[in-house]
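Throughout, read-outs are computed from the coordinates displayed, never taken from laboratory work. No experiment lies behind these values; they were computed from the predicted model shown. With ideal geometry, Cβ positions are generated from the backbone for all residues, glycine too; neighbour counts draw on all protein chains shown.
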């Protein structure tokens, strides 16, 4: 379980998160929506400890991410993350991309790491691309590679940071299908997204971020289909057309 | 007046010349390899936000890039000698070339490091890699591809600059040529052959570099 308690985060004078409280239970899919600059992506970076926080706590399975003695490299093995820019490693083949972290971080032997990598690549539909170099693939394929690469670490949670925002429209579908598949596998996920239809369909809970706070949170039928707050209504009327 | 070429003596002394060429080659290879290792560390130090690292690195780079290689060889050979540290000509030239190579390559590497998107670091971090693993497996391999060709240029420069070994009586190709011509008075012949040998060495090194790059770098950047 991920517990986010009263989290504050600033970049110099700019307050990005102003007291976020959010619980994500095992197997739950939480979508985070909101305008740009509302702090959605920053929250993900704080959850896996890439960004520091100034106040509050984030607990991942009762481990305090930002506490002094926490081994964050180790903790990140439980928290897979996929970014808006897919960030494939361009000097490695698809298979090597997915094998690297299990090999060097989990110290798995080559054979086992390869098995797991192939399994995850097959899972996201890249079974025929093992020896390809990522830069020769489409954005959608690279994004699916990024997902398989994260899954190869067998994380307990997956954090998705606007994973379809940088894709050509015709490639969005294949990546969303992969996320749906993960949800069906029972993966716990936090998805920062602009895909409202997707959020409505897959989420157990939707959090609407506005200027660094959670303005409205609840099941998608409420937050997306029948928002109570004016700011939520305004935001949705803009993005849903 | 017509100059009469006499090549015979040059051919007789070919074993010595070839030995000189061999010394030139391994001197440059060592100077390059050690220079690369130091340059990686200096580049990281120079990018550091801590001045304890960045200032010494900057001083190194500035001196190496803005003073003649001749000065550095003199400093290593005669300068240190004044303090009772007596280096052999080989070690003196090697140290000077390492010093310059490291200085120039630091700037090349720094540019290389900065050309790698920051997101590669966050992606690697998110997979649980620690700082050393990120550099070893993600950043350095990409950086080396980008700066490979400037690096081979530095290698060629280093081979040609090793000819300054002549000034401290070293037995690399130029020093050997100098010695042989002074014994035989066939200055032009010996230096023409030496020049051809330098040309062959650099072309050989560039050929090896280009073949190696095809083997090493399969992916796109």
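Residues that are in contact with a helix residue (DSSP H, G or I) (Cβ under 8 Å, 6 or more places away or on another chain), surrounded by fewer than 18 Cβ atoms within 10 Å (Cβ to Cβ), outside any helix (DSSP H, G or I) and within 14 Å of chain A (Cβ to nearest Cβ) are absent from the stretch B:82-97 altogether.
In the set A:95, A:100, only one residue is out of contact with any strand residue (DSSP E or B) (no Cβ under 8 Å at 6 or more places or on another chain), facing chain B (nearest Cβ under 9 Å) and under 21 Å from residue B:141 (Cα atoms); that residue is A:100. Summed over the stretch B:119-133, the residues that are surrounded by fewer than 23 Cβ atoms within 10 Å (Cβ to Cβ), part of a helix (DSSP H, G or I) and at the interface with chain A (Cβ under 8 Å from one of its Cβ atoms) give a count of 5. So, in the stretch A:103-118, of the ones that are in a helix (DSSP H, G or I) and free of Cβ contacts under 8 Å to residues at least 12 places away in the same chain, which residue ends up nearest to the other protein chains (Cβ to nearest Cβ)? Within the stretch A:103-118, the match that is nearest to the other protein chains (Cβ to nearest Cβ) is A:104. Of the residues making up the stretch A:197-209, those that are surrounded by 19 or more Cβ atoms within 10 Å (Cβ to Cβ) and farther than 18 Å from residue A:83 by Cα number 7. A count restricted to the stretch A:21-32 and to residues that are out of contact with any helix residue (DSSP H, G or I) (no Cβ under 6 Å at 6 or more places or on another chain) and in contact (Cβ under 8 Å) with a residue 60 or more places away in the chain stands at 8.
Kindly establish whether residue B:183 is over 17 Å from the mean Cα position of the chain (by Cα), away from chain A (no Cβ under 14 Å) and surrounded by fewer than 22 Cβ atoms within 10 Å (Cβ to Cβ). For residue B:183, the condition - over 17 Å from the mean Cα position of the chain (by Cα), away from chain A (no Cβ under 14 Å) and surrounded by fewer than 22 Cβ atoms within 10 Å (Cβ to Cβ) - is met.
May I ask you to verify whether residue A:3 is more than 10 Å from chain B (Cβ to nearest Cβ), under 23 Å from residue A:203 (Cα atoms) and outside any loop (DSSP other than H, G, I, E, B)?
yes
In this entry, residue B:136 passes the filter for residues that are within 10 Å of another protein chain (Cβ to nearest Cβ) and closer than 25 Å to residue B:212 by Cα. Scanning the stretch A:51-92 for residues that are in contact with a strand residue (DSSP E or B) (Cβ under 7 Å, 6 or more places away or on another chain) and part of a helix (DSSP H, G or I) yields A:75, A:78. Taking (1) in contact with a helix residue (DSSP H, G or I) (Cβ under 9 Å, 6 or more places away or on another chain); (2) within 19 Å of residue A:85 (Cα to Cα); (3) surrounded by fewer than 18 Cβ atoms within 10 Å (Cβ to Cβ) in turn, residue A:154 satisfies each apart from (2). So which residues in the stretch B:192-221 are in a helix (DSSP H, G or I), within 14 Å of chain A (Cβ to nearest Cβ) and surrounded by 11 or more Cβ atoms within 10 Å (Cβ to Cβ)? Once the filter is applied, which keeps residues that are in a helix (DSSP H, G or I), within 14 Å of chain A (Cβ to nearest Cβ) and surrounded by 11 or more Cβ atoms within 10 Å (Cβ to Cβ), the stretch B:192-221 yields B:213, B:216.
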